[in-house]
Each structure stands twice: as structure tokens, then as C-alpha cells.
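Q: Questions regarding the structure given below will be posed in turn.
The values are calculated or read from the model by the stated rules, or taken from the named source; none is laboratory data. Model, not experiment: these values are computed from the prediction. So basically every Cβ, Gly included, is an ideal-geometry build from the backbone, and we count neighbours across all protein chains shown.
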Amino acid sequence: MLERRKIEVVGTVAGKSVTFNTGFVALQANGAVLARFGDTVVLSAVLMSDEPKLDVDFFPLTVDYEEKSYAVGKIPGGFIKKEGRPSDSEILKARLIDRSIRPMFPDGMRNEVQVQNMVLAADLENPPDIVALNATAAALAVSDVPIPELIAGVRVGFVDGHFVLNPTFEEMSRSSLDLVVAGTREAIVMIEAGAAEVPKTMLLEGLAFAQDGIRQIIDLIAELQAKVGREKAKVTVVSFPEQQYARLCEFKEDVLRAIISPIKQEREDRLKELKKAIAESMKAEFADFDPLLFGLMFHELEKDVVRDYMRTSRKRVDGRAFDEIRPLYAEAGVLPRVHGSGLFIRGQTQVLSTVTLGSFSDVQFIDAIGLEEFKRFMHHYDFPPFSTGEVKPRRGPSRREIGHGALVERALSYVIPPEEEFPYTIRVVSEVLESNGSTSMASTCASSIALMNAGVPIPKHVGGIAMGLVEYEDEKIVLTDIQGIEDHLGDMDFKVAGTRDGITALQLDVKVKGISIDTLDRALDHAEAARAKILDVMYAAIEKPYKLSESAPRIVIIEIPVEKIGEVIGPGGRNVKRITQETGATVDIREDGTVFLRGNSDESVHLARQQVEMIVKDPEVGDQLLGRVVKVTPSYAIVEVAPGKSGLLHVSEFSKTRVRSLEEVLHVGDPINVWVKEKDGEGRLRFTAKGRDKESEDRKD
């Protein structure tokens with residue numbers, strides 16, 4: 001029988017109890033840990049294949065994250081009532097963990113590794129993503145998977161003028177910073193951040209604060225690892241045959257000549273032809289030639305050539321200086337009929353963004369274990385194969401596309417006006433038309449332009465830039481506006497988005513074992529200078545929000561007493577249906593009495609608003625109303641101004657000129673503007689169509 005021996009460490013981080021235990025559950029995994037922060041519990045299980053996969057040219061790591069509905073006492077929504085495919089939120093949290101641990105595995109490792117995280121209990125106080133990140137770090141530490149260095153992760157908020165380590169959901173609702181950092185004791189491996197236009201100094205202080213918290217958690221994980229005392233497995237890593245690699249290195253000059261070009265397609269075509277020619281030559285020369293291994297060797301040679309060229313020539317393969325941005329172009333309103341559109345081009349990266357405005361019924365409802373119930377601002381990112389000149393099938397959004405869409409959404413969310421100021425649901429879609437590096441930051445720029453073009457009253461533009469790094473022992477070269485080859489062969493992808501007044505989003509991924517805060521400080525300085533140039537181009541394209549597009553719906557919000565909701569809806573929804581039929585405006589009512597009216601014209605929503613207001617309150621003398629004739633006789637007409645609310649219009653009150661019979665000028669169904677002339681003690685109304693009556697106004701006063 002398998003021995004079960006519960007091994008546990010308990011500590012306090014940020015004033016909260018933190019527990020890691022192992023040795024009792026999921027013992028058939030290579031490593032499994034139950035992590036508990038407060039009353040949020042996550043199980044992380046790590047598995048590794050016994051043999052390497054030698055038929056792939058990448059490290060086969062898979063990270064999954066699943067939120068169980070029972071963790072908060074819920075039954076899943078939908079017809080089948082069970083957890084299904086991962087939600088976008090779960091995919092984003094899995095990506096966050098993946099990006100944190102991937103750089104830590106040995107170079108050339110090909111053993112398949114799978115990490116599975118299950119949220120088993122959630123207290124709706126401690127966000128489970130941080131618990132899962134640290135459960136993964138602890139499970140890797142106690143397993144035989146060969147990660148030589150311990151890592152951990154924390155979230156940092158800024159509430160009431162102070163940094164808060166691992167803030168609660170409630171604290172995050174008041175925070176101007178949402179900073180997630182993973183790293184080792186001395187270096188940072190991953191950053192994911194959203195911020196309310198915070199300065200660089202605050203971010204750097206937040207990173208230093210985060211590293212202190214990371215060390216506290218690493219101390220607990222190290223204690224757990226020591227108690228388990230398990231040795232790491234010896235794995236076979238991919239190595240190059242010395243003779244073959246030496247022979248390949250003789251083609252360095254040819255590779256350099258092929259790479260040096262400002263045009264991506266030219267460079268790729270030349271490299272493809274050269275690679276094919278060298279492969280044919282070496283295949284004839286070496287009996288044990290392996291095409292897959294040759295591809296890895298060629299990639300390594302390409303990496304060395306590009307990095308050496310930058311170090312010796314002090315410029316990049318497309319001729320730019322290290323801090324130089326590619327040519328920029330921006331344009332607003334490039335499409336007809338859509339509610340808003342924007343085009344942004346940076347070199348050979350091109351993104352078209354569109355904005356669609358909707359009502360409350362168009363919000364995205366969220367069936368998850370967090371506190372958020374719905375989302376009224378959405379950004380979606382689309383990366384079609386033609387953007388990179390490739391022929392590939394399209395099978396829905398990839399995890400990368402979901403991640404890029406969320407990053408742009410985070411960057412822009414801090415300038416989106418609140419619902420009280422702009423009562424619209426907003427969906428932005430970024431279509432990548434050409435890709436050569438940092439399409440997510442180009443999407444940020446294009447989307448900001450499209451929002452202003454649609455008439456969304458954002459106070460300022462948000463622009464973004466991607467920074468890179470080439471690291472040597474004696475030098476760290478920071479690159480501004482990295483293109484695809486520099487992202488592929490470099491050591492860092494650091495995306496920075498913000499306004500002229502501060503940063504709204506960060507994302508850091510590295511290929512090395514960590515980046516120092518000093519290096520990130522330099523990168524942020526370069527990013528700020530680049531962002532200023534990009535924002536100048538965006539403001540030249542559109543300086544401030546336009547008026548609302550004529551093709552956009554008109555939406556107004558009114559508040560009604562909660563006890564009047566049923567009266568507005570009417571039996572079987574009769575009143576709402578009637579308002580929609582007569583005005584063309586839809587009526588959405590929230591449980592708190594907030595009513596959203598949506599129509600295709602100002603007149604439509606004005607009439608709907610009047611009808612709703614007339615249901616919940618009585619009209620007063622002097623009020624101007626738009627009504628509908630429901631009955632006509634020669635001497636009077638009955639005018640309805642809302643379901644169940646009507647009044648009398650006498651022939652003498654129709655016009656300042658004499659009318660013999662109302663039947664000659666009015667018909668049932670006609671709209672008519674009337675004013676309340678009189679109102680008796682029982683609430684019966686008499687109207688005039690001549691305009692506001694001065695005597696009635698005086699009586700009202």
C-alpha cells in the first residue's frame with residue numbers, strides 16, 4: 001500500500017495564514033500540493049513523462065487551471081450543469097502560471113510536463129489565481145521535475161496610499177494598481193499589471209515590494225521541499241553533434257547576409273532558401289543527419305548571428321538604432337456604417353479596430369467563482385493566418401489570442417467612462433492585418449482611436465510599445481519596438497501601455513531565468529519616450545472623441561422605484577412589449593430599478609422614457625408630453641401618453657386658429673405633442689396642443 005504521510009508547513013504572509021501540504025493526496029503525480037490562503041484552497045498536481053519527446057522542437061509544457069463551481073457552493077449554469085471547456089478567465093490564469101514557470105526548466109528539456117490546478121474551495125476574499133500560482137511552484141519544488149531554482153508569486157495593490165500584499169477582492173475594488181509578479185529570490189520572471197495611469201516610480205516601488213513578498217513565500221516552499229527531501233530526476237536534454245554544429249557555423253556570414261533586411265518577407269524568404277540549401281549539403285555530408293535536430297541547430301545559429309551583429313555593429317538587422325521606432329501611421333473612421341473604427345500601422349504590423357455600442361442586454365454575463373457578475377467593456381483580438389503570410393486552418397481563438405485581447409482590454413479599461421456617464425455596453429474587435437512584432441500594443445493604439453471615433457468619451461488616448469532585451473554577461477541591450485525576429489531570438493518581451501500621464505498596463509515574459517528591477521527601470525524609461533512619439537501620431541489622427549455615430553443606438557438610463565418594476569413591466573410583460581412596439585425602443589430593467597432604454601433615434605428613446613416615467617409617476621400641469629391619439633370625435637380626442645395614462649384634448653385646445661372638427665385633422669394612432677393644461681382631484685388630465693399654457697403655469701406655481 002502506498003504510504004501516505006502528510007507533510008505540512010504553515011506561515012503568515014501579509015497577515016494571513018498560508019499553508020502548504022503534500023504527501024497525502026494525488027500521490028501518483030510526480031508532485032502534488034494543497035495550498036491554502038485563508039479559506040481558498042487549490043490542488044496543484046505536476047506530472048512528467050519518463051522519456052523525452054524527441055519528435056518536437058519545443059518544450060512540451062501544458063498548464064491547466066479549473067475553477068470548480070462547488071468551491072463557492074454553486075451549481076454550474078447552462079443545460080448540462082457541469083463544468084465544461086475552460087472559460088476565458090480560466091485560460092488567462094493558466095497562461096499566467098505557464099508564463100511564470102516556463103523559463104525555469106532546463107534548456108533543451110523535452111520530457112512532457114503537465115500542471116493541473118483545481119480550485120477546490122474559495123472564500124471570495126482571497127483571489128484563487130495567486131493561490132494556484134504558488135501551489136504550482138510548491139508542487140514543482142517537492143516533485144522530481146528538474147527545476148533548480150524556487151519561484152513564487154504575489155499580487156500587489158495600492159489602496160489608500162499604501163501598497164497591499166495579496167489584497168482581497170474588496171481591497172482590489174479600491175486599488176489603483178493590480179500588479180501580479182512571479183520570480184525567484186533575486187529576479188523577476190513574469191509581470192501582469194493593470195494600473196490607473198500610475199507613474200513609473202510607483203511601479204518600481206511595487207516591484208520591490210512584490211519581491212519581498214515573493215521571498216516570504218519561497219521561504220515556506222523551501223521549508224516544505226526540505227521536509228520532503230526528494231531528489232530531482234536526471235533528464236536527457238537536446239544536445240548538438242559537435243561536428244555538425246561546427247560545420248553549420250561555417251555558414252555564419254551567409255546567414256548574416258540573409259538576415260539583414262528591413263523587410264520581413266524578404267528576410268524570411270532568403271533564410272528559408274539558405275536553410276534548405278545548407279540542409280541538403282549537410283544531409284549528403286553526414287550519415288546521421290536529423291532534420292529536426294538540424295532545425296534546432298539552425299535556430300541557435302540564427303540567434304547567435306543576430307545577437308552578435310547587434311553587439312558589434314550597435315544596430316539591428318533592419319538598420320534601426322536600439323531605441324528607434326519603425327514608421328508610424330494612424331487613421332480614424334476608415335469604415336462606413338460601423339459605430340467606430342481606427343487603423344494603426346507600425347512598420348509591418350497593422351491592426352484595424354472596430355467599436356460596437358450596445359445596451360445593458362448586450363453585457364457579458366460571467367458564470368465564475370469570483371465577485372464579478374457581468375462585463376460591459378470587452379476587447380477581442382483576432383489573428384488570422386494571412387497576417388503572417390501562412391496557410392493554416394482557423395479553429396476559434398487560441399490561448400494566445402485570448403491573452404492578447406485581455407491585455408488590451410486591461411490597458412484601455414481605465415479610461416472607459418463609467419456607466420452613469422456613458423450607458424453603453426462597448427465591444428472592440430482588433431483585426432491583425434499584418435504581423436511583425438507586438439500586435440497587442442498596435443491593437444491598443446488602434447482601439448483607442450476607434451473608441452474616440454465612435455464617440456466614446458474617453459478622456460485621453462492610450463498607446464503601447466513592446467520592449468526587448470539582449471543579455472550578455474557584461475552588457476544588457478534594451479531594444480525599443482521589437483519586431484518578430486527580436487522577440488523570437490531575444491531574452492525579453494516587455495509590453496508597456498499608457499497615456500501621457502501614466503501607465504495603464506504591463507506584461508513581462510522572459511526566456512532567461514529572471515530580470516533585475518534595474519533593467520526594467522531602463523526599459524520603462526525607453527518605453528515612456530517611445531509611447532510619447534506614438535501618442536503624438538494618434539492625436540494627430542483624432543484629437544478628441546467625435547459625436548456619437550449616427551448608426552449607433554441611442555441609450556438613456558432612468559431610475560424607477562423598485563416597487564414600481566412590476567407596474568412598468570405589466571402583466572405578462574404587456575407594458576414593455578407595448579412600449580417597444582409603439583416607440584421602437586427596447587426596455588431593459590435591472591433588479592435595482594435601473595432602466596436602460598435603447599432606440600435607433602433620439603425621438604424613439606425620448607418617447608419610451610416618457611412612457612416609462614408616466615407609468616411610475618403622474619404628469620404635472622405644464623409638462624410637455626408626446627402622446628398617441630386613441631379616440632377621435634368632432635369635439636374632442638383621447639390622447640394616451642403612457643400605458644394606462646390618457647387625457648382629454650378639446651377641439652378648442654388643438655390650435656390657435658379655429659378648427660371645426662378634430663376628425664378633419666386627427667386620426668387614431670397619430671402622434672401628437674401636448675401639454676398638461678389641467679389635472680383634477682382624481683388625477684384626470686386635460687391637454688392643450690397650443691403650447692405651454694401661461695395661466696396653468698401660474699396656477700401650478
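Q: Can you tell which of Asp536, Asp525 is surrounded by fewer than 16 Cβ atoms within 10 Å (Cβ to Cβ), at pLDDT 95 or above and in the same structural domain as His404 (by TED's automatic domain parsing)?
A: Result of the check over Asp536, Asp525: Asp536.
Q: Let me ask you something else. Cβ-Cβ below 7 Å, separation at least six or inter-chain, first residue in the stretch 387-411 and buried (at least 21 other Cβ atoms within 10 Å of the Cβ), second assigned to a loop (DSSP other than H, G, I, E, B): which pairs?
A: The qualifying pairs are Ala411/Val462.
Q: Tell me which residues, restricted to the stretch 481-516, are surrounded by 23 or more Cβ atoms within 10 Å (Cβ to Cβ) and of a type in the set (Val, Ile, Thr).
A: Selection gives Ile482, Val496, Ile503, Thr504, Val510, Ile515.
Listed here are the residues, each with its yes/no results for (1) of a type in the set (A, V, I, L, M, F, W, C); (2) without any contact (Cβ under 8 Å) to a residue 24 or more places away in the chain; (3) in contact with a Leu (Cβ under 7 Å, 6 or more places away or on another chain).
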{"site": "Met452", "(1), (2), (3)": "yes, no, no"}
{"site": "Pro457", "(1), (2), (3)": "no, no, no"}
{"site": "Lys476", "(1), (2), (3)": "no, no, yes"}
{"site": "Ala497", "(1), (2), (3)": "yes, no, no"}
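Q: While we're here: Which numbered condition trips up Lys303, out of (1) out of contact with any Leu (no Cβ under 6 Å at 6 or more places or on another chain); (2) in a helix (DSSP H, G or I)?
A: Going through (1) out of contact with any Leu (no Cβ under 6 Å at 6 or more places or on another chain); (2) in a helix (DSSP H, G or I) one by one, Lys303 breaks only (1).
Q: Let me ask something else about it. Among the residues that make up the stretch 338-352, is at least one of them in a strand (DSSP E or B), in contact (Cβ under 8 Å) with a residue 60 or more places away in the chain and over 30 Å from Glu550 (Cα atoms)?
A: Yes, there is a match, as at least one residue in the stretch 338-352 is in a strand (DSSP E or B), in contact (Cβ under 8 Å) with a residue 60 or more places away in the chain and over 30 Å from Glu550 (Cα atoms).
Q: Looking for something at pLDDT 95 or above and in contact with an Asp or Glu (Cβ under 9 Å, 6 or more places away or on another chain) - is there at least one such residue anywhere in the stretch 559-582? Can you show your working first?
A: The initial filter retains those residues of the stretch 559-582 that are at pLDDT 95 or above, namely none.
Looking through the stretch 559-582, none of the residues is at pLDDT 95 or above and in contact with an Asp or Glu (Cβ under 9 Å, 6 or more places away or on another chain).
Matching residues to (1) closer than 18 Å to Ile188 by Cα; (2) hydroxyl-bearing (Ser, Thr, Tyr); (3) crowded, with 20+ Cβ neighbours inside 10 Å:
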{"site": "Gly84", "(1), (2), (3)": "no, no, no"}
{"site": "Val113", "(1), (2), (3)": "no, no, yes"}
{"site": "Leu133", "(1), (2), (3)": "yes, no, yes"}
{"site": "Thr136", "(1), (2), (3)": "yes, yes, yes"}
{"site": "Ser143", "(1), (2), (3)": "no, yes, yes"}
{"site": "Phe158", "(1), (2), (3)": "no, no, yes"}
{"site": "Gly161", "(1), (2), (3)": "no, no, no"}
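Q: Could I ask something else about it? Please name all residue pairs, on different chains or six or more residues apart, with Cβ atoms under 8 Å, provided the first residue is in the stretch 254-265 and is over 16 Å from Asp308 (Cα atoms) and the second residue is surrounded by 16 or more Cβ atoms within 10 Å (Cβ to Cβ) and among the polar types (S, T, N, Q).
A: Ile263/Gln348; Lys264/Gln348; Lys264/Asn436; Lys264/Gln483
Q: Kindly establish whether Ser604 is assigned to a helix (DSSP H, G or I), under 19 Å from Ile555 (Cα atoms) and not assigned by TED's automatic domain parsing to the domain that holds Glu419.
A: yes
Q: A follow-up question, please. Among Val145, Val115, which is more than 22 Å from the chain's Cα centre (by Cα), within 19 Å of Phe20 (Cα to Cα), in a strand (DSSP E or B) and of a type in the set (A, V, I, L, M)?
A: Values: Val145 fails: in a strand (DSSP E or B).
Exactly one of Val145, Val115 is more than 22 Å from the chain's Cα centre (by Cα), within 19 Å of Phe20 (Cα to Cα), in a strand (DSSP E or B) and of a type in the set (A, V, I, L, M), namely Val115.
Q: Pairs under 6 Å by beta carbon, first residue under 20 Å from Asn600 (Cα atoms) in the stretch 418-441, partner surrounded by fewer than 23 Cβ atoms within 10 Å (Cβ to Cβ) and at pLDDT below 95, six or more apart or different chains?
A: As it stands, the answer is Pro423/Ile555; Pro423/Ile557; Tyr424/Ile555; Thr425/Gly358; Thr425/Asp362; Thr425/Val363; Thr425/Arg376, since those pairs meet every condition given.
Q: Moving on. Mind checking which pairs have a first residue in the stretch 24-45 that is part of a loop (DSSP other than H, G, I, E, B) and a second that is hydroxyl-bearing (Ser, Thr, Tyr), Cβ under 8 Å, 6 or more apart or different chains?
A: What qualifies is Ala29/Ser143; Asn30/Ser143; Gly38/Ser17.
Q: If you don't mind, there's one more thing I want to ask. If you go through the stretch 372-385 one residue at a time, do you hit one that is over 30 Å from Glu550 (Cα atoms), part of a helix (DSSP H, G or I), outside the structural domain of Asp588 (by TED's automatic domain parsing) and over 17 Å from the mean Cα position of the chain (by Cα)?
A: Yes - at least one qualifying residue is present in the stretch 372-385.
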